[in-house]
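Before any comments, here is the structure.
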Amino acid sequence: MAKQDEPARVADGATPATGKLPADSGSGARGMLFRTPLFDDRSRYLDHFGWLLTLTALTVACLSLLDPGARFGDTAEEVLELGAGYLGLITLLLAFAASGLAHRRLVILMVMMGLFAVLQTLLVLSALAVERAWAAPPVGNLLFSLAAFSVIVRRLARHVRVTKATLLGAVTAYLFIPLTYFYAYRVLNAVQPGSMFGQHESSPTFMFFSLTTVTTVGYGDPEPVGNLARLLATSEALVGQLFLVTVVALIVGRMSASQHERSLAEQATRARRGEDARADDAGDTLQT
């Protein structure tokens, strides 16, 4: 028989009344932050892919049509790059919000994005002040697009039923493929000048090439000249086709499962109604 008067064992340094280690306010705050789940399926912004799709399509359209460098020089092109960076930050924020990022993490992400935007603006303004071209590769935009694509795909994989949000998210994720590769081509061409097309090309040319590659249209003009550029273009075509096959299979499978569940529910409802009708008939027979 256990001894009831024996004191309970506590950890070294713990409070005897609670049996827990004392924690200072700093470590408690850090522990609360790390214990907070990364994603929250109860977020009020969850699956709000409409604004994200609109902004992504607008970004692709602007990068496909606008070429201020050809008319206004390098300064206008640098301003366009800065604006594209701002759009990338907002797009990333909407992507994480629609994917259910926890509120605390979302606030931290907003602060980091604000600091990055300020730093990017200061670098561009300093380059313009000394009349020097700012030719840094868009590595930040590439990372933002890749992160947004990843969290959207993660959220779509968690959908049990196919809804309007599923379709909007799938289209948005597909648009992020050419957008991400657009920045990848720009980074490669900045690191190895001329490795993409052998000569200087504008932003619309890179976006045109990315869109025609992901859709496997392949007009042949322009075409990559470097080995790494060709490998990158081939990988975009493969990723685009694999994404379509996977998403179509996922949507069809989830739709079939939903229809099967509804069919079973309707059969169960009809069976219960039949049993209730037979019970009523039996009761009427006994009363007569």
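Structural remarks
- Selection status of Phe34, more than 25 Å from Phe176 (Cα to Cα) and either within 24 Å of the chain's Cα centre (by Cα) or at pLDDT 90 or above (or both): yes
- Just one of (1) part of a helix (DSSP H, G or I); (2) modelled with pLDDT under 85; (3) not small (Gly, Ala, Ser) fails for Asp41. It is (1).
- Residue among Ala277, Ala237, Ala268, Ala249 that alone is at pLDDT 90 or above and part of a helix (DSSP H, G or I): Ala237
- Remark: pairs (first residue in region 109-132, modelled with pLDDT of 85 or more; second residue of a type in the set (A, V, I, L, M) and outside any helix (DSSP H, G or I); Cβ separation under 9 Å; 6+ apart in sequence or on different chains) = Leu109/Leu101.
- Any hit, region 146-155, residues being basic (Lys, Arg), more than 21 Å from Pro178 (Cβ to Cβ) and surrounded by fewer than 20 Cβ atoms within 10 Å (Cβ to Cβ): no
- Among (1) in a helix (DSSP H, G or I); (2) touching a helix residue (DSSP H, G or I) at 6+ places or on another chain (Cβ under 8 Å); (3) within 21 Å of Gly140 (Cβ to Cβ); (4) of a type outside the set (Val, Ile, Thr), the one test that Ala190 misses: (2)
- Where a residue in region 41-63 is closer than 12 Å to Leu179 by Cα and its partner, wherever it lies, is crowded, with 18+ Cβ neighbours inside 10 Å and among the small types (Gly, Ala, Ser), with Cβ under 6 Å and at least six apart: Leu63/Ser203
- For Val153, the stated conditions do not hold, so it cannot be described as touching a helix residue (DSSP H, G or I) at 6+ places or on another chain (Cβ under 9 Å) and farther than 21 Å from Leu52 by Cα.
The values are calculated or read from the model by the stated rules, or taken from the named source; none is laboratory data. None of these values were measured; they are calculated from a predicted model. All Cβ positions, glycine included, derive from the backbone under ideal geometry; neighbour counts span all protein chains shown.
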